[in-house]
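The values are calculated or read from the model by the stated rules, or taken from the named source; none is laboratory data. Model, not experiment: these values are computed from the prediction. Cβ placement follows ideal geometry from the backbone for every residue including glycine, while neighbour counts extend to all protein chains displayed. Heads up: the accessible areas ignore ligands, DNA and RNA and are worked out on the full protein's heavy atoms, side chains in. Shrake-Rupley method; radii C 1.70, N 1.55, O 1.52, S 1.80 Å.
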Amino acid sequence: MNRNHQKQLIVDDDIRVRSIQASIKNIISGKIETLSQTKIPISSGVKLHSLNYIVTVTLGGRNTTVIVDTGSDLTWVQCQPCRLCYNQPEPLFNPSVSPTYHKVVCNSSVCQTATGNSGQCGNDLQDCNYVVSYGDGSYTRGELGQDHLVLGSTSVENFVFGCGRNNKGLFGLASGLMGLGRSDLSLISQTFETFGGVFSYCLPSAEAKSSGSLVLGGDSNTSIFNNSTPISYTRMLANPQLVTFYFLNLTGVTIGGVAIQDSGFGKSGMIIDSGTVITRLPPTIYKAVKAEFLKLFSGYPFKQGVSILDTCFDLSAYEEVNIPTVKMQFEGGGEMEVDVTGVLFIVKSDASQVCLALASLQYDDEIGIIGNYQQKNTRVIYDIKQSQVGFAKETCSF
């Protein structure tokens with residue numbers, strides 16, 4: 001083993017120990033000193049051919065635009081040289097020209113934490129290889145590295161990320177992905193010392209001229225938000241088998257003020273996910289929601305469904321329509337009112353095909369997901385330390 005390799009192992013080990021000690025200190029003291037807070041613009045990814053949301057960060061001294069995903073952990077970017085990369089307008093990240101980049105060495109503690117106890121060694125026995133597959137069949141493969149990350153006004157040293165050499169899937173033209181999940185590798189866990197495990201976002205509609213905001217750090221009741229209703233909270237559910245995801249207990253839905261009656265409420269957790277677009281409900285709940293919606297949204301000509309959206313209308317002859325309010329209730333009094341732009345999905349721009357923007361899962365034992373389309377113009381606050389998620393109405397702007 002050469003001296004540089006030994007030195008890197010010691011550096012990696014020190015980073016891990018400092019992270020462990022900080023976590024222990026935070027748990028024991030019950031408070032976090034001198035936390036930072038930063039705010040960065042978040043916008044619709046439509047211009048990059050994605051229905052997800054994007055932010056621009058600085059990695060290794062270069063601006064990089066990535067998809068924001070609370071349903072995964074690893075942050076990664078497409079890297080040069082690349083074996084299989086999809087098109088992106090920004091230059092590929094080139095680790096060889098970043099003065100602050102260094103590899104995560106195979107068999108280091110960082111590599112073992114990120115890839116499992118075995119560590120994934122490359123052909124040269126130095127690279128720490130990773131593979132991440134997503135639920136839609138997309139994937140990224142490459143090796144882990146560390147570099148200087150700037151998020152708004154805050155710098156993060158030795159940030160661990162994936163240098164993707166083989167990437168394929170539904171990433172649009174974004175340069176990569178920011179993982180905001182709950183595991184050790186996520187941006188939230190890596191920056192726990194800095195931001196205290198608190199972040200929030202307000203997702204603007206795709207048509208909005210202004211950006212929304214991604215806020216990292218600070219008190220979860222901070223005045224930096226522009227919410228027009230008080231923040232209501234619900235607890236995060238623990239799921240030891242699916243540690244990445246944020247689970248909530250959906251206890252009810254109201255359509256136009258009418259409470260939906262269904263025995264499926266409160267029985268199993270729902271995932272809240274910024275990387276899923278359309279909310280998926282268990283079949284029995286979806287049927288009850290759809291039936292009530294059709295009672296209130298009546299008299300409009302039906303149109304054939306499209307893909308997962310089965311409740312569609314031809315609204316091309318109407319200048320305006322009355323859209324029923326949709327609210328989701330959660331355990332402990334948390335409530336999210338779906339913005340009016342998140343109730344109907346416009347398939348055709350002439351309004352000849354407009355669909356209820358909710359979909360059914362195949363089976364009742366599948367896990368529901370609250371997608372980003374229903375989270376628009378809402379301040380969604382994730383407080384990992386207090387193990388709670390908050391909701392408030394907010395017209396997203398930066």
*Amide H neighbours of Gly252 under 5 Å, at least 5 residues apart or on other chains, H built in the peptide plane: list them.*
Gln329
*Please list the non-local residues whose amide H lies under 5 Å from the amide H of Glu394, H modeled 1.01 Å from N, same-chain partners needing a gap of 5 or more.*
Ser228, Thr378, Arg379
*Tell me which lysines have Cα within less than 17 Å of Lys393's Cα, excluding those fewer than 8 residues away on the same chain?*
Lys327, Lys376
*How many angstrom lie between the C-alpha centres of the stretch 242-260 and the stretch 269-296?*
9 Å
*Okay, helix-only estimate at 222 nm for the chain: each DSSP H run of n ≥ 4 adds -39500 (n - 2.57), divide by all residues, round to 500 deg cm²/dmol; what do you get?*
-4500 deg cm²/dmol
*With unit charges on the beta carbon (Lys/Arg positive, Asp/Glu negative), name the residue among Tyr382, Tyr300, Met336 whose Cα is farthest towards the positive pole of the charge dipole of the chain.*
Tyr382
_Using the Karplus curve 6.51 cos²θ - 1.76 cosθ + 1.60 with θ = phi - 60°, what ³J(HN,Hα) values do you get for each residue of the stretch 288-298, in whole Hz, with x for Gly and Pro?_
5, 5, 4, 4, 5, 4, 5, 5, 8, 9, 10
*About the Cα centre of the stretch 32-216, what is the dipole size in debye to 20, counting +1 per Lys and Arg Cβ and -1 per Asp and Glu Cβ, all else neutral?*
440 debye
*Over the stretch 203-255, what relative contact order in percent results from Cα pairs under 8 Å that are six or more residues apart?*
20 percent
*At most 14 other Cβ within 10 Å, DSSP loop - chymotrypsin sites (Phe, Trp or Tyr not before Pro), the stretch 302-339*: Tyr318
*What is the stretch 32-216 by shape, rounded, prolate or oblate, if you read a ≥ b ≥ c off the alpha carbon gyration tensor as root eigenvalues and call it rounded for a/c under 1.5, prolate for a/b larger than b/c, and oblate otherwise?*
oblate
*asked:* Relative contact order for the stretch 269-398: what percent, with Cα pairs under 8 Å and sequence separation of 6 or more?
replied: 36 percent
*Quick one: pull the percent of accessible area on the chain belonging to carbon and sulfur, 1.4 Å probe, ligands and nucleic acids left out.*
50 percent
*Under a Cβ-Cβ cut-off of 12 Å, what is the net charge of the residues other than Asn249 that fall near it, where Lys and Arg count +1 and Asp and Glu count -1?*
+1
_Candidates Gln146, Gln112, Gln374, ranked by Gaussian network fluctuation over the chain, Cα under 10 Å, top entry_ = Gln112
_Rounded accessible area of Thr100 (nearest 10 Å², 1.4 Å probe)_ = 60 Å²
*Using a Gaussian network model of the chain whose springs link C-alpha atoms within less than 10 Å, name the residue from Ser387, Ser298, Ser213 with the highest mean-square fluctuation.*
Ser298
*Counted charge near Gly275, where neighbours are those whose Cβ lies closer than 10 Å (Asp, Glu -1; Lys, Arg +1)*: -3
*asked:* Under the rule of at least 5 residues apart or a separate chain, name every residue whose amide H is placed under 5 Å from the amide H of Phe345.
replied: Cys355, Leu356, Ala357
*Enter the angle in degrees (range 0 to 90, nearest 10) between the Cα long axis of helix 3-29 and the first principal axis of the Cα atoms of the chain, meaning the one along which they spread out most.*
50 degrees
*Per residue, how many Å² of accessible area does the stretch 32-216 show with a 1.4 Å probe?*
39 Å²
_Heavy atoms of Phe245 accessible to a 1.4 Å probe, total area in Å² rounded to 10_ = 60 Å²
_Those GluC sites (Glu not before Pro) in the stretch 263-347 that DSSP places in a loop and that have at most 12 other beta carbons within 10 Å_ = Glu319, Glu320
*Hey, what's the stretch 232-393 come to in accessible area per residue, 1.4 Å probe, Å²?*
44 Å²
*How large is ³J(HN,Hα) for each residue in the stretch 382-391, as worked out from phi by the Karplus curve 6.51 cos²θ - 1.76 cosθ + 1.60 (θ = phi - 60°), to whole Hz, x for Gly and Pro?*
10, 10, 5, 5, 8, 6, 8, 10, x, 9
*Report relative contact order for the chain in percent, whole number only (criteria: Cα-Cα under 8 Å, sequence separation at least 6).*
18 percent
*Ordering Arg62, Arg83 by how much accessible area each has at a 1.4 Å probe, largest first, what is the list?*
Arg83, Arg62
*asked:* Treating only the Cβ of Lys, Arg, Asp and Glu as charged (+1, +1, -1, -1), what charge dipole size does the chain show about its Cα centre? Round to the nearest 20 debye.
replied: 400 debye
*Each residue of the stretch 54-70 in turn: what ³J(HN,Hα) in whole Hz from Karplus with 6.51, -1.76, 1.60 and θ = phi - 60°, glycine and Pro shown as x?*
10, 9, 10, 10, 10, 10, x, x, 10, 5, 9, 9, 10, 6, 8, 9, 7
*asked:* For a protection proxy built on the mean count of beta-carbon atoms within 10 angstrom, sort 136-142, 367-373 highest first, please.
replied: 367-373, 136-142
